Every structure is written in structure tokens, then in C-alpha cells.
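Nothing in this text is a laboratory measurement; each read-out follows from the coordinates by a stated rule. Everything numeric in this text was worked out from a predicted model, so none of it was measured. Neighbour counts are summed over all protein chains in view; Cβ atoms, including those assigned to glycine, are modelled from backbone coordinates with ideal geometry.
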Amino acid sequence: MDILVEQVMRDLKSRGFKIVESFNEGTFIAEKKDKYLFYVMVEGVEVTVQALLDVINMGETLSVPVVLALVSNDGTVTYYFARRVRLPRNVRASPLAKSEA
């Protein structure tokens with residue numbers, strides 16, 4: 001994982017970002033004009049929902065947007081913003097219409 005984190009950091013530096021602070025494995029803050037919390041993920045490697053929530057909570061605590069850096073099998077890095085979605089409590093799912101056979 002360390003090699004992939006370094007790969008993402010090099011990619012960000014080539015895009016003009018400066019690495020500000022590193023946290024646990026695969027999580028760090030980088031800034032260009034604004035600061036962002038990056039979380040490195042690897043294609044094909046499962047990540048728990050709790051792990052993603054922990055990163056999103058960390059971003060909310062630090063007041064910075066969270067960016068998932070997904071490293072593909074061929075080494076390409078793709079970036080995705082992630083945030084918590086809050087649904088209204090009074091929303092109810094409507095039953096699916098039965099299909100006629």
C-alpha cells in the first residue's frame with residue numbers, strides 16, 4: 001500500500017498539490033488552493049462501509065472535502081469526491097409495481 005500512496009502523492013505533486021500532513025495508512029491532506037483529505041483505495045480490494053464513514057467523518061471534523069484516490073490495476077489514479085448524504089426522515093419507499101407475466 002505504501003508504494004501506491006507514494007504513487008498518488010507523486011501524481012498530486014505533478015498536478016501542483018503540496019502534501020501537508022499524513023495520517024494512518026493511505027490517508028493524508030494535500031492542498032493546492034484549498035485543502036483536501038485524500039484516501040487511497042486500490043481497485044479490487046474491498047473496503048468496509050465503516051472505513052469510508054470514518055474517512056468522511058474525519059473530513060467533516062477537519063472541515064475539508066474528502067477525495068477518494070482509486071488506483072486501478074494498471075496504475076491509473078482516478079479521484080472521486082465523497083460526502084455524507086443526509087436523507088429526510090419522512091421519506092418512504094414506495095412498493096415496486098408488480099409486473100404482469
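Taking the chain as the region of interest, the number of lysine pairs whose Cα atoms are within less than 23 Å, with members eight or more places apart or on different chains, is 6.
Semi-axes of the equivalent ellipsoid for the chain, computed as √(5λ) from the eigenvalues of its C-alpha gyration tensor and ordered from largest down, come to 32, 18, 12 Å.
About its Cα centre, how strong a charge dipole does the stretch 2-82 have in debye, to the nearest 20, once Lys and Arg get +1 and Asp and Glu get -1 at the Cβ?
Once rounded to the nearest 20, the dipole reads 460 debye.
Once the dipole of the stretch 2-82 is set up with Lys and Arg at +1 and Asp and Glu at -1 on Cβ about the Cα centre, which of Val47, Val66, Ala30 lies farthest towards its positive end? Of the candidates, Ala30 comes out farthest on the positive side.
Tally the DSSP beta bridges in the stretch 2-82 and give the antiparallel ones as a percent, rounded to 5.
70 percent
Estimated from helices alone, the mean residue ellipticity of the chain at 222 nm is -8500 deg cm²/dmol (sum of -39500 (n - 2.57) over DSSP H runs with n ≥ 4, per residue). Placing pseudo-labels 7 Å out from each Cα toward the beta carbon at Asn57 and Val45 gives an inter-label distance of 2.2 nm.
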